[in-house]
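The values are calculated or read from the model by the stated rules, or taken from the named source; none is laboratory data. Just so it is clear, the structure is predicted and the values come from calculations on it, not from any experiment. Here Cβ is always computed from backbone atoms with ideal geometry, including for glycine, and neighbour counts include all displayed protein chains. For accessibility, only protein heavy atoms count, side chains too; no ligands or nucleic acids. Shrake-Rupley method; radii C 1.70, N 1.55, O 1.52, S 1.80 Å.
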Amino acid sequence: MTAHPHLDWPFFEPHHKALVADLDRWADGRVSAAHGKDVDNLCRGLVRQLGEAGWLKYAIGGTRYGACADIVDTRAICLIRETLARHSGLADFAFAMQGLGSGAITLFGTPQQKAKYLPRVVEGTAIAAFALSEANAGSDVAALQCDARRDGDGYVLNGEKTWISNGGIADFYVVFARTGEAEGSRGITAFIVDSAAPGFAIGERIEVIAPHPLARLTFKNCRVSHAQRLGEAGRGFKVAMATLDLFRTSVAAAALGFARRAMQEALHRATSRKMFGQVLSDFQLTQAKLAGMATDIDAAALLTYRAAWLRDRGQPMTVEAAMAKMTATETAQRVIDAAVQIAGALGVVSEQTVERLYREIRPLRIYEGATEVQQLIVGRGVIKSFQESEPSGA
Ligand SMILES: Cc1cc2nc3c(=O)[nH]c(=O)nc-3n(C[C@H](O)[C@H](O)[C@H](O)COP(=O)(O)OP(=O)(O)OC[C@H]3O[C@@H](n4cnc5c(N)ncnc54)[C@H](O)[C@@H]3O)c2cc1C
């Protein structure tokens, strides 16, 4: 049996298995699970380390810009996130944000935009961020109000973004603003805003339960040139959704990594903790708990890698990505909670592995579309498929 039996599933190719083995070896002892006091510098360092070791080549697409392939390898991104999440939540975060923050450039950038940003993303010398959410536009993204007015040969941005990961340490932000071609989702455009752009500032640092760089951004008469517009005017919603379609599956993979780590911790504890003249794992109640955890993890993994495999085959996978994201994140929360229970009081001691995982998993059920949003995507998807297969409604 291999150390990672799921890598023998038919979703994968031989190079995927090698990738996990290499990354496991690299991460072992090199990336720390602890968040430390200076999370900004820790993240900067992790991005640079990941770049120097070549792992960020998988975060983008386009070999001429330093990627390992012309088309993003979704299964590789998922396996990297799953593996890094097993070792360190922050290392996973650093990798994921380089991908999410530059994903819209990979998918929709001009050759000039790609040449300007992507090689530095791969080297780890430029940190990327994705700025979509606002205080009054989270799940309801189309309600965003940040405004971009055409002015001469460029645009002038005014407004705010919040909950932006890498806010404060990013070198550039992909920002979605209202340009008013139409109401709602059809009047939004994407821009690349450099952190040095006049009128751009960090409004506030936000502290969260699993610390990572997070901030509110402000734009006051922030001028961006026409060359910084990403994709067509009025098509920014499509840019955002296509980027999220790719990375949503990878959130499921990160949740899987957290769950697998919790499972390992639970097995260690259950098989060594003596009580009532036996060890904890001798009790059938514990065996039932471990059985549920293992089965849930495999179910989440099957959904995750099915979605990634479909995307790599060029097939539609919005519904499958939503199934994977909601199942893997909700499952991981339950698995980690069970691992905390098995650890007893030790499970709630600050910075113990399962305590850290308990905090780290929570935001994944909210960001890149909360579980309820994924339920709606799946619900609408199955109704549409049914109606298409039975047009008469019979
Ligand atoms: C740690 C962290 C990092 C983040 N990083 C980024 C980032 O880098 N870039 C970025 O743009 N955003 C980022 N976000 C923001 C994230 O995408 C939003 O928090 C998310 O979209 C939810 O929006 P909201 O917080 O405004 O919650 P709301 O939209 O107010 O939703 C609140 C709750 O309502 C429920 N809900 C939502 N829709 C429905 C519905 N239709 N029916 C029933 N219930 C519903 C859900 O349970 C949801 O959690 C981040 C958030 C967190 C927590």
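Calculated FRET efficiency, Arg205 and Gln341, Cβ-Cβ r, R0 35 Å, to nearest 0.05? Computed FRET efficiency for Arg205 and Gln341 comes out at 0.55. In the chain, the calculated helix contribution to ellipticity at 222 nm averages -17000 deg cm²/dmol per residue, counting -39,500 (n - 2.57) for every DSSP H run with n ≥ 4. If you take the square roots of the eigenvalues of the alpha-carbon gyration tensor of segment 1-94 and sort them as a ≥ b ≥ c, do you get rounded (a/c under 1.5), prolate (a/b over b/c) or oblate? Since a/c reaches 1.5 but b/c is at least a/b, the shape of segment 1-94 is classed as oblate. Once a ≥ b ≥ c are taken as the square roots of the eigenvalues of the Cα gyration tensor of segment 60-141, is the result rounded (a/c under 1.5), prolate (a/b larger than b/c) or oblate (a/b not larger than b/c)? Oblate shape, in that a/c is at least 1.5 and b/c is the bigger or equal ratio. Legend: residues Lys325, Lys37, Lys384, Lys57, sorted from most to least accessible area (1.4 Å probe; ligands, DNA and RNA excluded), read Lys37, Lys384, Lys57, Lys325. The mean sequence separation of alpha-carbon pairs under 8 Å and at least six residues apart, normalised by the residue count of segment 183-302, gives a relative contact order of 22 percent. Among complete DSSP H helices in the chain, those whose alpha-carbon atoms stretch at least 24 Å along the helix's long axis and whose mean Kyte-Doolittle hydropathy reaches -1.0 are 89-108, 236-272, 284-312, 318-343, 371-389. For the chain, the solvent-accessible area works out to 44 Å² per residue, with a probe of 1.4 Å and every protein chain left in place.
Within the shell defined by Cβ-Cβ distances under 10 Å, the residues around Ala53 carry a net charge of +1, with Lys and Arg each +1 and Asp and Glu each -1.
Each Cα pair under 8 Å and six or more residues apart adds its separation to the average, and for segment 49-195 the resulting relative contact order is 19 percent. Here the accessible area is traced with a 1.4 Å probe on the protein chains. For segment 1-81, carbon and sulfur cover 53 percent of it. Using the Kirkwood radius built from alpha carbon pairs, what does the Stokes-Einstein equation give as D for the chain at 20 °C and 1.002 mPa s, in µm² per second? The estimated diffusion coefficient comes to 99 µm²/s. Of the cross-linked pairs Lys17/Lys289; Lys161/Lys220; Lys37/Lys116; Lys17/Lys57; Lys57/Lys116, those separated by over 21 Å at the C-alpha level are Lys17/Lys289; Lys37/Lys116. Of the solvent-accessible surface of segment 204-336, computed with a 1.4 Å probe and all protein chains present, 56% belongs to carbon and sulfur. Can you tell me, using C-alpha contacts under 8 Å and at least 6 residues apart, the relative contact order of the chain as a whole percent? RCO, the chain: 14 percent. Within the chain, the longest run free of GluC sites (Glu not before Pro) that sit in a DSSP loop with at most 16 other Cβ atoms within 10 Å is 1-180. Of the three principal axes defined by the Cα atoms of segment 258-394, the extents in descending order read 66, 29, 26 Å.
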